[in-house]
Amino acid sequence: MRKIFLSIFSFVLAIHALAQTASVAHKVDSVIRLMTLEEKIGQLNQYSGDWAHTGPITPDGDKQNQIRRGQVGSMLNVIGVEHTRDLQQMAMQSRLKIPLLFAQDVIHGFRTTFPIPLAQACSWDMDLIERSERIAATEASASGIHWCFAPMVDIARDARWGRVMEGAGEDPYLGARIATARVKGFQGKGIGHTDAVMSCVKHFAAYGAAIGGRDYNSVDMSLQTLWQYYLPPFKAAVDAGVSSVMNAFNSLNGIPATGNAYLVKDVLKDTWKFRGIVVSDWGSVGGIATHGYAADDKEAALAAIEAGCDIDMESRCYKNNLASLVKEKKLSLQLIDNAVKAVLTKKFELGLFEDPYKFCDEKRENAQQNVAAHKATALQLAERSIVLLKNDLNILPVSKNVKTIAVIGPFVKAVKDNLGFWSMEWPDDSATIVTQWEGIRNKFSSDVNMLYAKGCNINDTDSSGFAEAIAVSSKADIVIMSIGEARDMSGEAKSRSNPVIPGVQEALVKNILATGKPVVVMINAGRPLLFGSIADKAHAILYTWWLGSQAGNAIAAVLTGDYNPSGKITMSFPRNAGQMPIYYNHLNTGHPAPNDSTLDYVSGYIDLPHSPRFPFGYGLSYTSFAYSDIKLSKTTVRPGEKLEVSVVVTNSGNYDGEETVQLYIRDMVASVVRPVKELKGFQKIFLKRGESGEVKFRITIEDLKFYNNQLQYVAEPGDFKLFIGTNSEEVKEASFKLVL
Ligand code: GLC
């Protein structure tokens, strides 16, 4: 009986959803029928406001009149109920009163700034990442924003590329899991709810593979590599119901992504059945001509709309050329109608036709200004984003009975440099950001003598502050240093050929180490930096990224052990620039290096160890975790069968702590060579000291599939290795066979 009831209930739900979709489609068609060609093209035109300049500005004093004439469909960089309402009122003066969409780059928080995404990824905590986007959406939608240009899911293997900070690192499996969490966080119970926003997965596609790690540079790769490593996070976002996709700036195999029909039409719309909005990146429609794929803006507009790009952000190619292309019969009106339908559908789904001011509620906006619960989540995520890279002699955590602490370095009292490149800039930021000095000072009782010296700036040659820093350090029981790269040294158009610690900061560390005091070095950055000498000599290293509003409190919690660090890096840390790109899921080659010391006839550099400085998945704890051997439910797997895998993890140290148990596989022989490891699962487990816990995974044939040279997604019979461990190098190993 219960089964019958449930099936009837789900049938009714499906009919209701279908009816809703049908009614939106019907409404869209009824509006389209009323629209002139110019009004249709207006919906495909997107301009930036003046809140921020996130691309090259085109002077245009006529934007507001164009809005009044229905020649603008959406805006970005307009913030706040007041400003969005003003512009929406202008749109209501147009003939058909089609409401505007308001978009914003909400990359890691809106009012509450969370750690940069590459730091958040180190938490491996999908629920917490989803919650951070839920908060970002709640805060942004309260300020009139309908659409967030996030998540950025570009797989990145090269730390010279400044935009690694916006993504989840080098692994497609983890990247896909995080993409799903972010889309669900932004869209919540569904767009149309006043605390939900449209999300936008970007940049489609393979932008992170720019040659040389040079932003905007060309990308050239086999389609098998594209599908195997770079597309999975996008597919996960589409499967999670992402509302929009943003084109990438780069060309892929000679065709600009914005005009790349294979990517946008064949893959995204036809194969993946994506039905949301495709928006160009800033000026990337016009960029099609700059790449040399179109002779001029007109040809660029044709290439983009034919490829499936619906909205033209800031290039004006659509506005200036689509009408004439239709009149010259070079462009089918159907393609324009398809793009307009995608835009109008989202406006109906958001409820903006019923109420264009639905997201313009001052009370709701004020209520989201300074929410304690949001700060608490930001603190939780910041604590879990910090990675303990080294802790010789267990000098961390710092005892609360310590007498004197010296806190040294240009980040100690920095404010905005805790935020990162894409953070929102608020006038009252300083009041809402907990600096590292404040956090540490507040964590220790007043009878702990805390000394401070800046020592040097972030990025100049002035070492005049060294003497003071040395003197201060000499009086302390322990020295905590905070160094790194400034918030404008990673991000868009911030590629660095040699991403070392800038300025004279390394020299400062060397001088402080010479005092003979125990030294903890905290590194603030948007990417894996090169810090070999520090890594060799500092007693302890914490990678603190750019942690956002709660930076100081999170750092203080980790320094004192109030939070036992659990972060695990999601990009391999290179030893020097020459080693990049470097990533764990590499192919074996015909001359693999069995270890760092073998140099003869192996694929490596004779002047550098082969391994990364710190491997993918690496991160220490104040405690230690012991792993049992792997238990397999069987050693032969057939289609339809499940392989149950388990290990027992024991907290063998002196602190309660959280471990991220990682599972990798290796397909030993296949029709295309397969990587030496592929992440296929992970689980977080909290264990009190001395406690043990069993961690179980389930492997099916789906986990063993890959794209062969015919781009078929297949699993092939043969031997597999399976690895479980605390990072991609320290693992237990087992073997099994797939039989088809
Ligand atoms: C920028 C970025 C993109 C961002 C857009 C709007 O150039 O590439 O990520 O969403 O422009 O600011």
- Message: Let me check I have the definition right: for the range 610-656, take the eigenvalues of the Cα gyration tensor, multiply each by 5, take square roots. What are those semi-axes in whole Å, largest first?
- Response: 30, 18, 8
- Segment ASN459-ARG95, extension gain: residue separation times 0.36 nm, minus the distance between their alpha carbons: 125.6 nm
- Using only Cα atoms, figure out Rg for the range 371-579 and give it as a multiple of 2.2 N^0.38 Å. 0.95
- Nearest 0.05, what FRET efficiency do ARG698 and VAL371 give at R0 = 35 Å with Cβ-Cβ as r? 0.35
- Mind giving me the nanometre distance, one decimal, between the label points for VAL648 and LEU223, set 7 Å out from Cα along Cα→Cβ? 5.0
- Take the solvent-accessible surface of the protein heavy atoms, probe 1.4 Å, and return the percent of it on the chain that carbon and sulfur atoms account for. 52
- Please give the calculated 222 nm ellipticity per residue for the chain, where each DSSP H segment of at least 4 residues contributes -39500 (n - 2.57) and the sum is spread over every residue; nearest 500 deg cm²/dmol? -8500 deg cm²/dmol
- Note on the structure: Kirkwood Rh for the chain from C-alpha pairs, in Å, is 27.1
- Query: Near the amide H of VAL500, under 5 Å away, which other amide H atoms are found, from residues 5 or more places off or on another chain, if H is placed in the peptide plane?
  - Reply: LEU530
- Query: When only Cα pairs under 8 Å and 6 or more residues apart are kept, what is the percent relative contact order across the range 547-651?
  - Reply: 26
- Message: Please enumerate, by chain and number, the aspartates and glutamates with C-alpha under 19 Å from the C-alpha of LYS273, excluding those fewer than 8 residues away in the same chain.
- Response: ASP239, GLU306, ASP310, ASP337, GLU349
- Item | Sequence-distant residues sharing a close amide H with GLY681 (under 5 Å, placed H) | LEU663
- Calculate, for the range 371-579, the solvent-accessible area per residue in square angstrom, rolling a 1.4 angstrom probe over the heavy atoms of the protein chains. 32
- Item | Surrounding net charge for LYS413, when Lys and Arg each add one and Asp and Glu each subtract one, Cβ distance under 11 Å | 0
- Query: Given the pairs LYS63/LYS329; LYS40/LYS346; LYS235/LYS265, which span a C-alpha to C-alpha distance of over 18 angstrom in this model?
  - Reply: LYS63/LYS329
- Item | Between 0 and 90°, nearest 10: helix 317-327 axis offset from the chain longest Cα axis | 30
- Note on the structure: Taking 36-49, 565-578 and ranking on average Cβ neighbours within 10 Å, highest first, one gets 565-578, 36-49
- How do 257-265, 67-75, 635-643 rank on mean C-beta neighbours within 10 Å, highest first? 257-265, 67-75, 635-643
- Rounded to whole Hz, the Karplus (6.51, -1.76, 1.60) HN-Hα couplings of the range 105-114, x for glycine and proline: 6, 9, 8, 7, x, 10, 6, 8, 8, 8
- Item | Value of relative contact order over the range 639-740, rounded to a whole percent, pairs C-alpha under 8 Å and six or more apart | 33
- Task: Kindly identify the range 37-365 as rounded, prolate or oblate by the Cα gyration tensor criterion: order the square roots of the eigenvalues as a ≥ b ≥ c, call it rounded if a/c is under 1.5, otherwise compare a/b with b/c, prolate if a/b is larger, else oblate.
- Result: oblate
- Task: Note down the relative contact order for the chain as a percent, whole number, built from C-alpha pairs under 8 angstrom at least six residues apart.
- Result: 13
- Message: Treating only the Cα positions of the range 625-738 as identical point scatterers, give the base-10 log of I(q)/I(0) from the Debye formula at each q in 0.13 Å⁻¹.
- Response: -0.51
- Message: At 1.4 Å probe radius, can you tell me the per residue accessible area of the range 49-158 in Å²?
- Response: 27
- Charge sum, other residues only, whose C-beta stays under 9 Å from PHE348's C-beta, Lys/Arg counted +1 and Asp/Glu -1: +1
- Expressed as a whole number of Å, what is the distance separating the alpha-carbon centroids of the range 277-304 and the range 33-103? 21
- Item | Amide hydrogen neighbours beyond the local backbone of PHE614, cut-off 5 Å, H modeled | PHE573
- Item | Theoretical gain in end-to-end length, ALA467 to HIS193 [0.36 nm per residue, Cα-Cα removed] | 92.9 nm
- Task: Whole Å is fine, so just give me how far the alpha carbon centre of the range 436-472 lies from that of the range 118-168.
- Result: 31
- Query: Using a basic spin-label model with each label point 7 Å from the Cα along Cα→Cβ, how many nm lie between VAL739 and ILE32?
  - Reply: 5.5
- Item | Integer Hz, Karplus 6.51/-1.76/1.60 couplings in order for the range 567-580, x for Gly and Pro | x, 9, 5, 10, 10, 4, 8, x, 7, 7, 4, x, 7, 8
- the range 490-527 and the range 191-244: distance between their alpha carbon centers, rounded to Å: 31
- What is the packing order of peptides 531-543, 144-156, taking the mean over residues of other C-beta atoms within 10 Å and listing the highest first? 144-156, 531-543
- Task: Can you work out the accessible area per residue across the range 625-738, with the rest of the protein chains kept in place, probe 1.4 Å, in square angstrom?
- Result: 46
- Query: Which of the GluC sites (Glu not before Pro) found in the range 391-473 are in a DSSP loop and have at most 14 neighbouring Cβ atoms, other than their own, within 10 Å?
  - Reply: GLU425
- Message: What are the ³J(HN,Hα) couplings of the range 95-104, residue after residue, when phi is run through the Karplus curve with 6.51, -1.76, 1.60 and θ = phi - 60°? Round to Hz, x for glycine and proline.
- Response: 4, 9, 6, 7, x, 7, 9, 10, 10, 7
- May I ask for the net charge around THR377, where only other residues with Cβ less than 10 Å from the Cβ of THR377 are counted and Lys, Arg are +1 while Asp, Glu are -1? +3
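The values are calculated or read from the model by the stated rules, or taken from the named source; none is laboratory data. Keep in mind that this is a model prediction, so the values were computed, not measured. So basically every Cβ, Gly included, is an ideal-geometry build from the backbone, and we count neighbours across all protein chains shown. Surface accessibility is based on the protein's heavy atoms, side chains included, excluding ligands, DNA and RNA. Shrake-Rupley method; radii C 1.70, N 1.55, O 1.52, S 1.80 Å.
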